[in-house]
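Derivation of every value follows stated rules applied to the coordinates shown; laboratory data play no part. Keep in mind that this is a model prediction, so the values were computed, not measured. In this analysis, Cβ positions are derived from the backbone assuming ideal geometry, glycine residues included, and neighbour counts consider all displayed protein chains.
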Amino acid sequence: MLSSLNQESPIPLYLQLRDVLRQQILSGDASDFLPKEVELCKIYGVSRRTVSRAMALLAESGLVRRVKSKGTLICRNTETASNGHMGLVFPVTSGWKATLQTMQQNATKQGRSLIIFPYEWFNFADEQKAILIAKNSCDGVIIYPNGNESDRNYIAEMSKIGYPLVMFDIYYEDCDCSCVGMDHYLCAYRLTKALIKTPNDRIGIVQCLNEQSHISDLEREKGFIHALASEHINYNKSFELKLYSFDWDKNTMLISKFVKKNKLDGVFITDQNSYPWGEIEKLKMPDLRVSTIGMHPNYSRLRNVNYAEQPEDEIGRLTVQLLHEKINDPSTPAKRIMVSPRYHWNI
């Protein structure tokens, strides 16, 4: 289990430290006594006040207690299944800051605390361990699945036994559990439609993929194809470029070559992270029409770029709300909520 703190995260450092120490305690990785506060300051690079606040929260939850002249003793097996905690199993990333912040705020409004259980992206063993610790110490869990879907069956089994569970952003259609995400199909459909000016337009798609396509990738492709069909434009497979990394320099070269070779009038980019679209002039194609999707882009100064902003705050709020409902009433049927993005039209 990772133990580093994210200085760029919207989550305060004392809460991150509490969560890290909590995981170590619940997983059995910690010894009988936690390191002294001075040592924890050095290990995690934080102030004494940050450590003291984290330790106070651990003591309030009954996980530790101070023993005079000895230090902070770990109290094992003290928490019950009903404790007012929500777990968030989340990959280590600097993204989704607004979502995490909104989740924390809304959990507090519901009278609960949100505890983050980080795991290494694409590492199913690490994710499985995070889920297990979260499941054993929280009333319910929010899961952001890993990048290669190795967790699909594990999550499906959790859902079958009725454990309160909500997936967000990435979800699996065959898992009968609640999920919240963006309406990727409608987003791609609308962005592609906006690129088309005449039936003779040559419209391409650039897809940014991991090791395996997620449901969101498939929905974006489907929306793209249906938008072309609605304008009586045949889907040309040669107008499709798949990128497998976020190497901007490499992708700039590949996209430029792809667009010029196929003499494209417009291109739908499934993920803004594939290329720094704020520097679109580097492509040296001023007449190219572009539509793309991102977390919080701002391309208002770019004349030929439409973009959709993923509604992070709304996704975070609805995810916590669904889990709260499920915890209060386990018989609540699974819900699937697809949120519409915020569109910005510049073409």
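Of note:
- Within straight-line cross-link reach of K129, aspartates and glutamates at Cα separation under 18 Å, skipping those fewer than 8 residues along the same chain: D19, D29, E120, D139, E149, D151, E157
- Neighbourhood net charge (12 Å Cβ-Cβ; Lys/Arg +1, Asp/Glu -1) for P276: -3
- Positive-end ranking of V290, S178, H214 along the dipole of the chain, with charges on Cβ about the Cα centre, is headed by V290.
- Inter-probe distance in nm under a simple model that places probes 7 Å from Cα toward Cβ, at Q128 and L73: 3.6 nm
- Total formal charge among the other residues, if their Cβ is under 13 angstrom from that of S47, Lys/Arg +1 and Asp/Glu -1: +3
- Adding -39500 (n - 2.57) for every DSSP H run of four residues or longer, then dividing by how many residues the chain holds, sets the calculated 222 nm ellipticity at -12000 deg cm²/dmol.
- Near R289, the amide H atoms lying under 5 Å from its own belong to G266, V267; only residues 5 or more places off or on other chains count, and H is placed 1.01 Å from N.
- Pairs from the table (K109/K242; K222/K260; K237/K282; K97/K242) lying more than 32 angstrom apart at Cα are K109/K242.
- Entry note, region 188-347: relative contact order of 24 percent, from Cα contacts under 8 Å with a spacing of 6+ residues.
- Put simply, the amide H of V339, placed in the peptide plane, has neighbours under 5 Å in G181, M182, D183, leaving out anything fewer than 5 places away on its chain.
- Rounded to the nearest Hz, the phi-derived 3J(HN,Hα) couplings of region 314-325 under the Karplus curve 6.51 cos²θ - 1.76 cosθ + 1.60 (θ = phi - 60°) are 5, 4, x, 5, 5, 5, 5, 4, 5, 5, 4, 5, where x marks glycine and proline.
- Computed on the chain, with alpha-carbon pairs under 8 angstrom and 6+ residues apart, the relative contact order is 16 percent.
- Angle of helix 13-27 to the longest C-alpha principal axis of the chain, folded into 0 to 90 degrees and rounded to 10: 70°.
- Listed values (i) 20.8, 65; (ii) 23.0, 81; (iii) 27.3, 90, entry calculated as Rg and Dmax of the Cα atoms in Å: (ii)
- Farthest toward the positive end of the dipole of region 99-164, out of G162, L132, S113, is the Cα of S113, where the dipole comes from beta carbon charges about the Cα centre.
- Size of electric dipole in region 184-309: Cβ of Lys, Arg +1 and of Asp, Glu -1, about Cα centre, debye, nearest 20: 480 debye
- Cα gyration tensor shape of region 184-309, rounded if a/c is under 1.5, else prolate or oblate by comparing a/b with b/c: rounded
- Principal-axis analysis of the Cα atoms of the chain puts helix 124-137 at an angle of about 50° to the longest axis.
- From the alpha carbon centroid of region 149-175 to that of region 188-258 is 29 Å.
- The long axis of helix 215-230 is offset from the longest Cα principal axis of the chain by roughly 20 degrees.
- Taking Cα centre as origin and charging only the Cβ of basic (Lys, Arg, +1) and acidic (Asp, Glu, -1) residues, the dipole magnitude of the chain rounds to 840 debye.
- Between region 289-347 and region 45-66, the alpha-carbon center distance in angstrom: 35 Å
- Full extension of the segment from I161 to K237, taken as 0.36 nm per residue of separation minus the current Cα-Cα distance, would add 23.1 nm.
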